[in-house]
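Colleague: Submitted below is the structure of interest, expressed as structure tokens.
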Amino acid sequence: MSSEEKLPRQLALVRGILDGAFFSPLRSLDWPAFCFDQPGLLGLEEEEAFDLYVRGSLAAETIYPELCEGREPLAWIWSMPEPGPVLAHALANLRSDRPFLFHRLIYSLAPVKQGELSPESFELVEDYLAAALGEGSGLREAAADEVATLTRRALMAAGQTGEEPDPLLAEAAAKVLAQARAAEVMSDAELLTWLTLGGGLEGVDPEMAPAVCALAWSGWCGAVVGAPPDLALLTRLRPSLVLSPSELALHTPQLAGAGQVITARCPYCQTDNTLVLGKEVAERVRCPHLIYVGTSDEAHLLRAVQGFDLGQDFLNLLESYYQSPSDFELFATIVDDLYEMLCSQGRLAAAPVSSEGTQGFYYLKAFFAGPAPEQEEESVH
């Protein structure tokens, strides 16, 4: 076999080994599942992950203040000795803002599924959640072992038999990951496709390419699963995680009944809707298009789409799915599809909510119902 034939085969063999990771496809948005050591946090959307990041960082600052001084918020939560208490406080804080996420995670926990814990036995919801979360799932440790094992096998397949790979290989892999495209891929599967078929290894010595592919994959996955934490790379993959302590303070969720004034501009009539939050919401200015203020959580999206012609029987069916943990995924899929369909038709739109002097309502959206699509006149034949 010529060297020209051997190298592509080596690269294909390396990819085949790495494709076999138990966590593949690993999404860059899956980092909270490994940071907080909970599989129930896999599959988060961008807004869910950011919301959990903000609330988790604020809780970590309270619970582990000695780890936070002089460091950035992302470092706070990756250095937690026990993530359970922090996650418990974050969940308790967001349960009314993201009820579907809250219930989806709770019902993924063994003590809850098996009926071993009763909420009535705990005075504080944080204590109940901490007990349900336990000492973690071992997901992060298992993923770290998998990255190390497959990287070692892939390097052996690439002809690297020493204890430590050539430093030149690590340098080349770092250059590959420094490319803009490496930060844009959303999963390890997409990364491998780019590396092996999309020109990601262009400019790399062909004889080094299989080993560089293995190390680039290892570095990318390691940043997501925290094996070890690579905050510089993770923030390149998810730029929204770049927050200083002072910026994080601006995102502190506000008390809903403290009388803040929130504003959202209607995309249909350009009216600045203004609401005053208190025990009851007072409307200063409200246009006829505003139907709901909530989050991107599917339980809130259902509230937003209920103003359309869905039918009570259909809504009852969706509610039954929401009450059944085994049907959570089906519930989310249907609600998300409904929301996307109405938005694509121009009948539903969301706008950000703002409040003067704070970004504390970063998680809220205002939903507006637009005009119904024009119906074509029936032709008479």
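Colleague: May I ask you to give the solvent-accessible area per residue for region 183-277, in square angstrom, as obtained with a 1.4 angstrom probe?
Modeller: Counting only protein heavy atoms, the per-residue value for region 183-277 is 41 Å².
Colleague: Counting only protein heavy atoms, what percent of the accessible surface of region 36-100 is carbon or sulfur at a 1.4 Å probe?
Modeller: Accessible surface attributable to carbon and sulfur in region 36-100 totals 52 percent.
Colleague: Give the carbon-plus-sulfur fraction of the accessible surface of region 108-181 in %, rounded to a whole number; probe 1.4 Å, heavy atoms of protein chains only.
Modeller: Reported share for carbon and sulfur atoms: 50 percent.
Colleague: Further question on the same structure: Under 10 Å from the Cβ of Ala227, count the other residues' Cβ atoms, weight Lys and Arg +1, Asp and Glu -1, and hand me the total.
Modeller: -3
Colleague: Okay, moving on. What is the distance in Å between the Cα centres of region 61-109 and region 326-352?
Modeller: Each part's Cα centre sits 28 Å from the other's.
Colleague: If you count only protein heavy atoms with a 1.4 Å probe, what accessible area per residue comes out for region 33-86, rounded to a whole Å²?
Modeller: I get 35 Å² per residue for this part.
Colleague: Hey, can you list the DSSP H helices of the chain whose Cα span along the axis is 20 Å or longer and whose average Kyte-Doolittle score is at least -1.0?
Modeller: For the chain, where a helix must reach 20 Å along its axis and average at least -1.0, the hits are 3-18, 46-63, 139-157, 209-225, 328-344.
Colleague: Please return the longest stretch of the chain lacking exposed loop sites, where GluC sites (Glu not before Pro) count only if DSSP places them in a loop and at most 12 other Cβ atoms lie within 10 Å.
Modeller: Counting at most 12 other Cβ atoms within 10 Å as exposed, the longest clean stretch of the chain is 203-279.
Colleague: To continue, here is another question. Give, rounded to the nearest 20 debye, the magnitude of the charge dipole that the chain has about its Cα centre when Lys and Arg contribute +1 at Cβ and Asp and Glu contribute -1 at Cβ.
Modeller: For this selection, approximately 400 debye.
Colleague: Follow-up. If you roll a 1.4 Å probe over the heavy atoms of the protein chains, what accessible area per residue do you get for region 93-142, in Å²?
Modeller: On a per-residue basis, region 93-142 sits at 56 Å².
Colleague: Would you give the gap between the C-alpha center of region 120-152 and the C-alpha center of region 196-236, rounded to a whole Å?
Modeller: 27
Colleague: Something else now. Report the equivalent ellipsoid semi-axes for region 128-219 in whole Å, largest first, defined as the square roots of five times the eigenvalues of the gyration tensor built from alpha carbon atoms.
Modeller: 30, 17, 10
Colleague: Could you pull out every one of the aspartates and glutamates with an alpha carbon less than 17 Å from that of Lys279, ignoring same-chain neighbours closer than 8 positions?
Modeller: Asp97
Colleague: Of the labelled options [x] 23.5; [y] 21.9; [z] 22.7, which one gives Kirkwood radius over Cα pairs in Å as computed for this structure?
Modeller: The value matching this structure is [x].
Colleague: Tell me what the chain gives for mean residue ellipticity at 222 nm when only DSSP H runs of n ≥ 4 count, each as -39,500 (n - 2.57), the sum divided by the residue total, rounded to 500 deg cm²/dmol.
Modeller: The helix contribution divided over the chain gives -15000 deg cm²/dmol.
Colleague: Compute the normalised compactness of region 14-96: alpha-carbon radius of gyration over 2.2 N^0.38 Å, N being the residue count.
Modeller: That works out to 1.21 for region 14-96.
Colleague: What does the C-alpha gyration tensor say about the overall shape of region 221-370? Classify as rounded when a/c is under 1.5, otherwise prolate if a/b is larger than b/c, or oblate.
Modeller: Taking the square roots of the gyration eigenvalues as a ≥ b ≥ c, region 221-370 is oblate.
Colleague: Whenever you get a sec, compute what percent of the accessible area on region 272-372 sits on carbon and sulfur atoms (1.4 Å probe).
Modeller: In region 272-372, the share of accessible area belonging to carbon and sulfur is 49 percent.
Colleague: Set the Förster distance to 35 Å, then compute FRET efficiency between Ser344 and Glu163 from the Cβ-Cβ distance, nearest 0.05.
Modeller: The calculated FRET efficiency here is 0.05.
Colleague: Got a sec? Charge dipole of region 4-72, +1 on Cβ for Lys and Arg, -1 for Asp and Glu; which of Ala60, Gln10, Ala33 is way out at the positive end?
Modeller: Gln10
Colleague: Related question: I'd like the trypsin sites (Lys or Arg not before Pro) in region 1-91 restricted to DSSP loop residues with at most 16 other Cβ atoms within 10 Å, sorted by number.
Modeller: Listed in order of number, the matching sites are Arg71.
The values are calculated or read from the model by the stated rules, or taken from the named source; none is laboratory data. Bear in mind the structure is a predicted one, so any value in this text is a computation, not a measurement. All Cβ positions, even for glycine, are placed from backbone atoms using ideal geometry, and neighbour counts span all protein chains on display. Each accessible area value is taken on the protein alone, full model and side chains, heavy atoms only, with ligands, DNA and RNA left out. Shrake-Rupley method; radii C 1.70, N 1.55, O 1.52, S 1.80 Å.
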